[in-house]
Protein chains: 4
Amino acid sequence: MTDLTILDVPQVDLLDYMGSDSEICDAARVSTNNFERKSAEVDQKLINYLLKNKHGTPFEHAAMKFYVSAPIFTFREFHRHRIGFSYNEMSGRYTELPAEFYIPNIVRPMINFGTSAHPDYRVPQTPAETHQQEHAYAVMVENVSIAYEEAWKSYKCMLEAGIAKEVARIVLPVGIYSRMYVTCNPRSLMNFLSLRIEDEKAAHVSHPQYEIQQVAKKMEFEFMRSFPMTYKAYIDNGRVAP
Amino acid sequence: MTDLTILDVPQVDLLDYMGSDSEICDAARVSTNNFERKSAEVDQKLINYLLKNKHGTPFEHAAMKFYVSAPIFTFREFHRHRIGFSYNEMSGRYTELPAEFYIPNIVRPMINFGTSAHPDYRVPQTPAETHQQEHAYAVMVENVSIAYEEAWKSYKCMLEAGIAKEVARIVLPVGIYSRMYVTCNPRSLMNFLSLRIEDEKAAHVSHPQYEIQQVAKKMEFEFMRSFPMTYKAYIDNGRVAP
Amino acid sequence: MTDLTILDVPQVDLLDYMGSDSEICDAARVSTNNFERKSAEVDQKLINYLLKNKHGTPFEHAAMKFYVSAPIFTFREFHRHRIGFSYNEMSGRYTELPAEFYIPNIVRPMINFGTSAHPDYRVPQTPAETHQQEHAYAVMVENVSIAYEEAWKSYKCMLEAGIAKEVARIVLPVGIYSRMYVTCNPRSLMNFLSLRIEDEKAAHVSHPQYEIQQVAKKMEFEFMRSFPMTYKAYIDNGRVAP
Amino acid sequence: MTDLTILDVPQVDLLDYMGSDSEICDAARVSTNNFERKSAEVDQKLINYLLKNKHGTPFEHAAMKFYVSAPIFTFREFHRHRIGFSYNEMSGRYTELPAEFYIPNIVRPMINFGTSAHPDYRVPQTPAETHQQEHAYAVMVENVSIAYEEAWKSYKCMLEAGIAKEVARIVLPVGIYSRMYVTCNPRSLMNFLSLRIEDEKAAHVSHPQYEIQQVAKKMEFEFMRSFPMTYKAYIDNGRVAP
């Protein structure tokens with residue numbers, strides 16, 4: 001499988017952002033016609049209050065622009081977030097896709113010990129479960145590798161025969177990587193994070209797929225660094241987006 | 001390839017709708033505080049006026065709910081329509097996907113005789129072009145069939161080994177069919193149609209991929225039947241959505 | 001004040017709707033490729049599950065269309081709801097506005113016994129508070145009546161002088177009634193209701209202004225009648241919109 | 001009328017922005033997996049192409065944040081722009097509104113020489129029309145001044161009687177100034193400008209009210225300075241937003 005690059009993590013880069021915690025406070029203070037800057041402590045209190053009381057609009061007067069590279073099945077979940085999200089993605093119509101494919105790392109649970117509605121992708125708890133996971137992992141790697149190779153061979157063969165990229169790409173698996181720009185704001189991002197990160201301490205525990213969670217965690221890290229007070233208030237508020 | 005169902009068309013069913021051309025007129029006439037019903041002729045004139053002058057909101061007071069079955073690569077294009085569109089799709093996390101795959105019909109052009117920016121998927125014009133298309137078609141069918149079979153075999157093999165559906169599905173090609181509910185309104189639908197149907201008579205000629213155009217044409221047919229005056233005005237207005 | 005009609009309630013009529021609780025369930029069941037109709041009991045369980053787990057999209061495959069007449073200051077709050085809401089309003093540019101004005105009923109609290117952030121519009125608790133409310137009410141009626149009359153006189157006088165409606169209307173108070181069509185879906189409506197109805201039993205208690213709450217309660221009543229299972233689940237879920 | 005400040009222009013300040021023409025190009029070039037920076041000339045060509053062909057999403061990966069102060073009737077029109085617009089406005093519930101009122105300048109046409117559907121707010125063409133305008137202006141100033149004074153007197157009187165701000169404000173005219181933060185992106189802004197600026201050279205000539213056009217022109221000026229290539233392409237494209 002010399003041609004294929006195998007990856008098990010997404011790439012997430014913060015390319016640019018606008019605003020800050022204190023500017024979010026500025027936007028909120030318009031409502032009381034108050035344009036004075038306050039201390040960090042007072043700002044943190046205000047942000048906590050906004051989060052807790054579902055005053056969401058002040059968090060829209062800021063922006064974050066990301067570059068994200070992840071498998072197509074993850075982008076499919078991502079693109080269901082319609083409001084406050086802008087996307088530009090690499091196009092299989094215009095571009096020969098790069099040969100980058102996703103094969104999960106061995107730490108990625110292979111088996112759902114629960115049900116669909118109540119999934120349980122736990123780390124194996126017993127020797128039997130460990131064996132099950134290891135066996136499943138080996139089966140997965142073998143099957144996925146063959147399927148990826150075959151798909152890529154078919155894709156390249158069709159391109160060489162002069163078939164249009166938009167036709168040839170129909171064989172490509174949803175495990176192939178794609179690339180996109182994503183622009184959002186702290187409010188829409190918090191809504192995304194609340195659904196795409198699993199946290200037992202959250203007020204509403206969500207069960208996102210492992211791979212979009214990998215993306216979400218990297219976005220959350222950048223969010224924490226750019227808007228630390230808003231991040232703190234969001235976590236303290238049980239990950240309930242305003 | 002006994003297991004796989006091969007399809008070359010999407011399924012599009014109008015499940016339900018709300019409103020009518022005359023009710024769209026009612027919504028428009030709120031602006032002049034005028035709640036009288038008028039003749040069909042007067043309504044048609046008003047609808048023409050609304051379309052031409054970009055008064056889009058009256059077309060939002062109606063709704064259309066569709067069932068759509070089409071390949072994933074088509075759904076990927078579809079889901080980029082964020083505003084005035086609601087989606088619920090079959091989930092590869094919760095469901096073993098049906099073995100329904102897309103292989104284009106021979107009438108589907110295989111070769112782009114233009115460029116990416118100026119595509120030309122013309123019906124072959126010369127014996128040489130006809131030969132090129134026929135050859136490409138044969139290459140496509142062979143390669144796509146192998147890739148689909150291999151992907152499906154891998155998928156089933158992983159499921160049988162107890163691997164979670166959400167993991168196993170990563171090998172599935174974007175040419176597999178998915179299913180969804182789509183709800184929109186005449187305004188958002190006209191915007192979709194203006195981008196997803198190619199019509200040389202349109203004020204702005206769009207170049208959508210063949211397959212999403214198959215879906216769009218079926219949706220347009222239902223639109224024409226449910227809102228005939230709005231449809232007429234839209235076409236007369238050069239397919240410019242308000 | 002012979003010309004002015006004084007009103008103290010909004011008008012809210014459900015003009016049309018699409019869908020039902022069981023059709024919301026249909027949309028949800030697409031995700032598991034399950035198109036069978038189930039019993040009402042099973043549907044209620046599913047709807048409870050969707051609400052509780054923030055699966056909001058199935059509630060978008062339905063629609064409700066309302067006629068609403070209420071004061072402009074209430075419409076101003078209403079129009080801040082951008083997502084899943086469509087509006088067409090009577091235009092002061094094109095229409096001479098009807099002489100319908102809002103003067104609150106005596107049961108409407110006149111005095112905030114709390115603060116802006118923690119308002120307390122309680123029913124008077126003591127004879128002193130009762131006296132304060134009654135006095136304030138009398139002052140309000142007198143002042144509002146004069147201001148309305150003066151504004152209306154100015155407006156009519158300008159119209160008679162041939163001044164454009166869009167200019168003359170600048171004197172009209174935000175307490176004048178306007179009229180609009182509003183179309184939304186159960187999801188966007190639940191979000192609206194969660195912010196615009198105060199309920200001490202809600203998970204997040206909101207403090208909307210009295211007048212938009214009058215509108216919201218009438219919309220909620222229609223929601224309850226059209227989608228009783230969704231309504232029940234919403235209330236049981238502490239008025240948390242999915 | 002010593003208390004009232006009379007204004008005839010809006011205030012529009014660009015507070016912050018993110019992105020540039022070349023970064024819009026970056027976002028567009030993701031689709032062809034091309035991350036190289038190009039010359040200004042090449043960028044301008046790409047931007048022209050995007051505008052002309054209705055590729056709107058690249059223009060969403062940038063942001064502009066404005067402070068706007070204008071009369072309430074103008075904000076009412078503004079807030080009907082729902083998509084790609086975020087608002088935080090001074091609240092009459094929490095704040096005593098500043099005594100700033102709009103009275104049009106004498107250059108503002110007072111008379112519609114056309115119809116509602118085909119308005120004609122032309123500069124007076126004949127001595128008779130000039131006289132009509134001058135007379136109307138005098139009538140307007142007199143009537144508006146009285147109505148504003150009366151409304152303000154009533155408002156203050158109610159506040160002094162301890163009546164809640166949210167009640168007292170119902171007498172305030174839609175000609176009083178309000179203040180808000182507005183955040184948008186070049187795409188949503190172009191859509192706004194296409195509807196809110198009248199330009200005889202536009203592909204679709206819009207007929208916005210004079211006052212929102214005052215706001216729009218100031219926003220357009222900032223847009224021109226921040227995204228000069230996009231602005232140029234937008235104008236060259238007949239003010240058709242992508």
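The values are calculated or read from the model by the stated rules, or taken from the named source; none is laboratory data. Note that this is a predicted model, so its numbers are computed, not measured. Positions of Cβ are backbone-derived with ideal geometry, glycine not excepted, and every protein chain shown enters the neighbour counts. With ligands, DNA and RNA removed, areas are computed over all heavy atoms of the protein, side chains included. Shrake-Rupley method; radii C 1.70, N 1.55, O 1.52, S 1.80 Å.
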- line: Surrounding charge for D:Pro104, neighbours by C-beta under 10 angstrom, Lys/Arg +1, Asp/Glu -1, total -1
task: Take the rotation relating chain B to chain D, measure from its axis to every Cβ in chain B, and name the nearest residue with the distance in whole Å.
output: B:Ile83, 3
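So, with a 1.4 angstrom probe, what is the percent of accessible area on chain A that is carbon and sulfur?
Roughly 52 percent of what the probe reaches on chain A is carbon or sulfur.
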field: Rounded if a/c under 1.5, otherwise prolate or oblate - segment A:26-149, Cα gyration tensor axes
entry: oblate
- prompt: Cα centroids of segment A:189-236 and segment B:48-127: how far apart, whole angstrom?
  reply: 32 Å
message: Tell me the total accessible area that D and A bury against each other, 1.4 angstrom probe, in square angstrom rounded to 100.
response: 2800 Å²
field: Residue among D:Ala216, D:Ala27, D:Ala70 with the largest mean-square fluctuation in a Gaussian network model of chain D, springs linking Cα atoms under 10 Å
entry: D:Ala27
- request: For D:Asn33, list long-range residues whose amide hydrogen, built 1.01 Å from N in the peptide plane, is under 5 Å from its own amide hydrogen.
  value: A:Ser91
- prompt: Per-residue accessible area for D:Cys157 at 1.4 Å probe radius, Å² rounded to 10?
  reply: 50 Å²
task: Be a star and scan segment C:11-54 for residues whose amide nitrogen sits under 18 Å from the point 7 Å along the Cα-to-Cβ vector of C:Asn105.
output: C:11-13
Mean accessible surface per residue for segment B:83-242, computed with a 1.4 Å probe while every protein chain stays in place, in Å²: 37 Å²
- prompt: At a 1.4 Å probe, which residues in segment C:6-33 are at least 50 Å² less accessible with all protein chains present than in their chain isolated?
  reply: C:Met18, C:Val30, C:Ser31, C:Asn33
query: segment D:1-34 to segment B:129-171: how many Å between their Cα centroids?
result: 48 Å
message: For B:Ser69, what accessible surface area do you get with a 1.4 Å probe? Give it in Å², rounded to 10.
response: 10 Å²
- prompt: Which of C:Tyr155, C:Tyr177, C:Tyr231 moves most in a GNM of chain C, Cα contacts under 10 Å?
  reply: C:Tyr155
- prompt: With no solvent and one point per C-alpha, what does the Debye sum give as log10 I(q)/I(0) for the protein assembly as shown at q = 0.10 Å⁻¹?
  reply: -1.26
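What is the mean number of Cβ atoms from other protein chains located within 10 Å of the Cβ atom of each residue in peptide C:67-77, rounded to a whole number? Numbers along the way, then the final one.
Details: counts 4, 0, 0, 0, 1, 5, 8, 1, 2, 8, 2.
Taking all residues of C:67-77 together, the mean is 3.
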- line: Only helices counted: for chain B, with every DSSP H run of 4 or more residues adding -39500 (n - 2.57) and the sum spread over all residues, [θ] at 222 nm is -13500 deg cm²/dmol
message: Please list, in order along segment D:69-77, the HN-Hα scalar couplings obtained from phi with the Karplus expression 6.51 cos²θ - 1.76 cosθ + 1.60 (θ = phi - 60°), rounded to whole Hz, x for Gly and Pro.
response: 10, 7, x, 4, 5, 6, 4, 4, 5
task: Please build a GNM for chain B, connecting alpha carbons under 10 Å apart, and tell me which residue among B:Val205, B:Val144, B:Val107 fluctuates the most.
output: B:Val107
field: Relative contact order, percent, chain C [alpha-carbon distance under 8 Å, six or more residues apart]
entry: 32 percent
- line: One would report the Cα pair-distance distribution of chain B, bin width 10 Å, in %, as 7, 26, 28, 21, 12, 5, 1
task: List every residue whose amide H lies under 5 Å from the amide H of A:Ser178, counting only residues 5 or more places away in sequence or on a different chain, with H placed 1.01 Å from N in the peptide plane.
output: A:Ala70, A:Ile72
statement: A correct Karplus calculation of ³J(HN,Hα) over segment B:96-108, with 6.51 cos²θ - 1.76 cosθ + 1.60, θ = phi - 60°, whole Hz and x for Gly and Pro, returns 6, 5, x, 7, 10, 10, 9, 10, x, 6, 5, 6, 6
- prompt: Hey, which of these cross-link pairs are over 23 Å Cα-Cα: B:Lys54/D:Lys54; B:Lys165/B:Lys217; C:Lys156/D:Lys156; B:Lys201/C:Lys65; B:Lys217/D:Lys54?
  reply: B:Lys165/B:Lys217; C:Lys156/D:Lys156; B:Lys201/C:Lys65
message: Can you give me the long-range amide H partners of C:Ile6? Hydrogens built in the peptide plane at 1.01 Å from N, cutoff under 5 Å, separation of 5 or more residues or another chain.
response: C:Phe101
- request: Quote the relative contact order of segment B:1-120 in percent (integer), defining contacts as alpha-carbon pairs under 8 Å separated by 6+ residues.
  value: 43 percent
